[in-house]
Amino acid sequence: MPFSDYKTALVTGASTGIGAVVVERLAKQGLEVHAVARNADRLDDLARRTGCVPHAVDITDTAALTAELRDLKVDILVNNAGVSRTGNILTADEFAVDEQVAVNIQAVLHLVRLVMPGMVERDLGHIVNVSSIAGVYNFGGNTIYHATKSAVHTLSRQLRVDGYGRRIRVTEICPGRVETEIFGRLLGDMEEAQRQFYDGFESLKPEDIADAIEFAISSPRHVNIGHVEILPTFQVPGGLNFERRAD
Ligand SMILES: NC(=O)c1ccc[n+]([C@@H]2O[C@H](COP(=O)([O-])OP(=O)(O)OC[C@H]3O[C@@H](n4cnc5c(N)ncnc54)[C@H](OP(=O)(O)O)[C@@H]3O)[C@@H](O)[C@H]2O)c1
């Protein structure tokens with residue numbers, strides 16, 4: 001749909017990383033962009049730069065989120081906020097389970113529940129969900145992250161079923177490694193994360209993800225870009241483990 005069909009957008013996880021760049025891009029397209037994250041200072045700075053409307057809210061607080069969205073008509077919803085914590089299911093603590101479920105999938109479900117009925121009524125809308133290659137491939141590490149992103153992957157397809165017959169498009173953006181704060185937040189040490197995950201690697205930049213989102217949104221109205229997998233050229237998922245033992 002040309003951007004001119006849409007008037008408003010709401011982007012979660014807008015204070016930094018992928019979300020901040022997506023806000024900039026959508027604002028440049030002339031949309032009224034609502035930027036959601038917890039860090040009010042960063043959102044205010046983004047608002048000064050882009051003209052977006054800041055909403056400092058924790059998306060896991062469903063009552064606060066509902067109140068914040070009450071009067072909004074959202075044409076484009078970008079479910080981008082996400083967190084990752086260390087630990088597979090053998091090592092993860094209670095917080096890792098609760099936070100990742102709350103941010104990565106519970107809040108996404110509530111946001112769609114709050115916003116999509118209006119899209120159906122107006123016969124116009126685009127939902128963009130940022131999942132991860134962790135949602136579609138298995139590799140060692142953050143099991144809860146994999147599970148929550150896999151839920152986002154399935155939800156993205158299911159929403160097309162729920163919106164069937166209306167002019168509502170759903171796009172899942174499925175990135176590999178992107179240079180943002182996500183690993184620094186995971187380790188609690190931005191410099192160490194830079195060394196471990198980014199130095200010497202040709203990672204994706206938030207702009208690469210924003211390019212894909214802009215492409216999906218600006219596609220002709222009869223085109224739904226359903227699933228976009230974007231990896232760095234030198235990052236490849238895959239592998240098969242087979243432990244040799246006879247007892
Ligand atoms: N970077 C990667 O390698 C990578 C790969 C695949 C997928 N992804 C996905 O891409 C998306 C964006 O991540 P990013 O890499 O840009 O990470 P990031 O730089 O760490 O940004 C995460 C954003 O989510 C917001 N957020 C976290 N918890 C929140 C909460 N409870 N309420 C409201 N906002 C919250 C943060 O803002 P506040 O702290 O201000 O609330 C921040 O704006 C995520 O869904 C992530 O899973 C990233």
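Here residue 64 meets each of (1) surrounded by fewer than 18 Cβ atoms within 10 Å (Cβ to Cβ); (2) farther than 24 Å from residue 20 by Cβ with one exception, condition (2).
Of the residues contained in region 145-156, none is found to be touching a residue at least 40 places away in the same chain (Cβ under 8 Å), closer than 23 Å to residue 2 by Cα and β-branched (Val, Ile, Thr). Count of region 128-150 residues, restricted to those that are under 16 Å from residue 18 (Cβ atoms) and touching a helix residue (DSSP H, G or I) at 6+ places or on another chain (Cβ under 8 Å), is 9.
If the condition is being in a helix (DSSP H, G or I), buried (at least 20 other Cβ atoms within 10 Å of the Cβ) and either within 12 Å of the ligand (Cβ to nearest atom) or in contact (Cβ under 8 Å) with a residue 60 or more places away in the chain (or both), then region 106-132 contributes 107, 108, 111, 115. Taken as a whole, region 143-157 holds at least one residue that is closer than 24 Å to residue 34 by Cα, among the small types (Gly, Ala, Ser) and away from the ligand (no atom under 11 Å from the Cβ).
Picking from residues in region 133-142 that are surrounded by 19 or more Cβ atoms within 10 Å (Cβ to Cβ) and small (Gly, Ala, Ser), the one that is nearest to the ligand (Cβ to nearest atom) is 134.
Listed by position, the strands (runs of 3 or more DSSP E) enclosed by region 1-79 that each have at least 3 residues that are among the hydrophobic types (A, V, I, L, M, F, W, C) and either within 8 Å of the ligand (Cβ to nearest atom) or touching a helix residue (DSSP H, G or I) at 6+ places or on another chain (Cβ under 6 Å) (or both) are 32-37. For region 156-207, the set of residues classified as over 17 Å from the mean Cα position of the chain (by Cα) and hydrophobic (A, V, I, L, M, F, W, C) consists of 161, 168, 187, 190, 193, 197, 201, listed by residue number.
For (1) modelled with pLDDT of 95 or more; (2) loosely packed, with under 15 Cβ neighbours inside 10 Å; (3) of a type in the set (Phe, Trp, Tyr); (4) farther than 19 Å from residue 80 by Cα, each residue gets a yes or a no:
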site	(1), (2), (3), (4)
155	yes, no, no, no
164	yes, yes, yes, yes
167	yes, no, no, yes
203	yes, no, no, no
209	yes, no, no, no
229	yes, no, no, no
240	no, yes, no, yes
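Consider residue 228 carefully, then state whether it is touching a residue at least 12 places away in the same chain (Cβ under 8 Å), in contact with a Gly (Cβ under 7 Å, 6 or more places away or on another chain) and within 16 Å of the ligand (Cβ to nearest atom). Against the criterion (touching a residue at least 12 places away in the same chain (Cβ under 8 Å), in contact with a Gly (Cβ under 7 Å, 6 or more places away or on another chain) and within 16 Å of the ligand (Cβ to nearest atom)), residue 228 does not qualify. Applying the criterion of being part of a loop (DSSP other than H, G, I, E, B) and more than 7 Å from the ligand (Cβ to nearest atom) to the residues of region 180-190, the residue that is surrounded by the most Cβ atoms within 10 Å (Cβ to Cβ) is 189.
Across region 193-219, what is the total count of residues that are in a loop (DSSP other than H, G, I, E, B) and touching a Pro at 6+ places or on another chain (Cβ under 8 Å)? Before you say what the answer is, go through the steps one by one.
Just the residues of region 193-219 that are in a loop (DSSP other than H, G, I, E, B), to begin with: 199-203, 205, 219.
Still in the running and touching a Pro at 6+ places or on another chain (Cβ under 8 Å): 201-203.
Here the count works out to 3.
The values are calculated or read from the model by the stated rules, or taken from the named source; none is laboratory data. Only a predicted model underlies this, so the values are computations on that prediction, with no experimental measurement involved. Neighbour counts run over all protein chains shown; Cβ positions are idealised from the backbone, glycine included.
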